[in-house]
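A.B. asks: One structure, pasted below without further comment.
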Amino acid sequence: MTSEQAPWHKSSYSGSSGSCVEVSEGTQVLVRDTQNRNLGHLAFPAEAWTFLMTVVRLS
């Protein structure tokens, strides 16, 4: 993690069932499965993540 990368946090939409995702927001947005952190993460440009969240909210 670089100084431009925020710490990981659990998605506010994840329930208590253990089926969660964690997000790290910065110049890139990193997304990983809480139960399988060792499998790595997906990385998105911050602009693409913002666009995705906008579309999801409008749906």
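A.B. asks: Using the crude model of +1 on Lys and Arg Cβ and -1 on Asp and Glu Cβ, and no other charge, please compute the dipole size for the chain relative to its Cα centre, in debye to 20.
C.D. replies: Numbers: 4 positive and 5 negative charges, 36 e Å.
That gives a dipole near 180 debye.
A.B. asks: Treat each spin label as a single point 7 Å out from the Cα along the C-beta direction, and report the Ala6 to Arg57 distance in nm.
C.D. replies: Inter-label distance under the simple model: 1.3 nm.
A.B. asks: Still on this structure, I have one more. Out of [x] 13.1; [y] 11.2; [z] 12.2, which label holds the value of Kirkwood radius over Cα pairs in Å that was computed here?
C.D. replies: Step by step, Kirkwood radius over Cα pairs in Å for this structure corresponds to label [z].
A.B. asks: Now for a separate question. Of Gln5, Cys20, Leu52, which is farthest towards the positive pole of the chain's charge dipole, taken about the Cα centre with +1 and -1 on the beta-carbons of Lys, Arg and Asp, Glu respectively?
C.D. replies: Working it through, the farthest residue towards the positive pole turns out to be Cys20.
FYI, it's all coordinate maths here, none of it is from the lab. Nothing here was measured: the structure is a model prediction, and the numbers come from that model. So basically every Cβ, Gly included, is an ideal-geometry build from the backbone, and we count neighbours across all protein chains shown.
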